[in-house]
Amino acid sequence: DAAHELRTPVSIILSHCEYSLAELEMSPEVRKEFLCIQDKALQMSQLVSHLLNIARAESTGFHPSFEDVDLEILAESAADELTGKAAQKEIRIEIHNYLKPPVIEGNTELLFRLFINLIDNGIQYGRTGGYIKIFLEQRGKNACIRVSDDGIGIPEENLDKIWNRFYRSDKSRSDSVGFGLGLFIVKYIVRLHKGTIAVESEVGRGTSFILTLPITPPAS
């Protein structure tokens with residue numbers, strides 16, 4: 001309920017910031033303040049979205065609709081949305097599709113969020129000048145999604161903790177703006193699709209998330 005109530009005022013803050021920055025004359029100092037407000041409001045908007053997804057995850061009555069979903073298009077759309085953020089760290093995003101055709105039965109909105117969260121995680125913990133590689137392929141009757149980066153990696157003793165809400169593997173980073181909810185939501189989305197998810201990581205070498213999703217629709 002709180003998340004729903006917050007959506008409107010946050011949207012109003014963002015819309016007024018966008019209008020002011022685009023249409024009003026202002027000094028560099030004032031523009032800097034508006035950009036700061038806009039940045040923090042965007043973070044609030046993302047948090048509200050995460051909270052709503054968690055509410056869904058904990059609601060036993062939530063049954064998402066399934067349709068034909070093209071995983072390659074979703075991966076490309078998510079990568080496009082995060083291109084600017086990746087460019088700030090000179091991280092390149094590559095998509096390699098070996099799944100023919102790359103279409104499964106799933107929920108478009110949730111699977112798009114899955115790609116967004118995994119790519120964003122790779123950017124947040126990636127190294128400057130590094131990469132995020134997304135591989136799509138078929139394994140038996142499942143579609144396999146592998147998202148790999150060459151970032152800071154995750155200590156072995158923390159691998160089982162990354163799925164917990166509000167957990168961040170590198171809490172000491174002062175520039176980290178994540179909420180520690182992205183991977184919790186990813187696991188929830190995979191579970192809704194009757195799939196599996198695993199992680200492989202080595203400190204200083206990078207991390208890979210390996211997901212399998214049934215190509216045929218899961219039984220209701």
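The values are calculated or read from the model by the stated rules, or taken from the named source; none is laboratory data. What you are looking at is a predicted structure, and each value in this text was computed from that prediction instead of being measured. Glycine also receives a Cβ, built like all others from the backbone with ideal geometry; neighbour counts cover every protein chain displayed. Side chains are part of the model used for accessible areas, which takes the heavy atoms of the whole protein and leaves out ligands, DNA and RNA. Shrake-Rupley method; radii C 1.70, N 1.55, O 1.52, S 1.80 Å.
Overview of values
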item	result
Accessible-area composition of the chain, carbon plus sulfur, in percent [1.4 Å probe]	52 percent
For segment 1-104: rounded, prolate or oblate by the Cα gyration tensor [a/c cutoff 1.5]	oblate
0 to 90° range, to nearest 10: angle between helix 71-81 axis and the chain longest Cα axis	20 degrees
Simple Cβ-charge dipole of the chain, Lys/Arg +1 and Asp/Glu -1, about Cα centre, in debye nearest 20	620 debye
Largest to smallest principal axis extent of the C-alpha atoms in the chain, angstrom	60, 41, 33
Cα long-axis angle, helix 28-57 against the chain (0 to 90 degrees, to the nearest 10)	30 degrees
Residue-normalised accessible area of the chain, given per residue in Å² at a 1.4 Å probe	56 Å²
C-alpha long axis of helix 182-192 to longest principal axis of the chain, angle in °	40 degrees
Accessible-area ranking of SER77, SER65, largest first, probe 1.4 Å	SER65, SER77
Largest-first ordering by accessible area, 1.4 Å probe, given options CYS17, CYS36	CYS36, CYS17
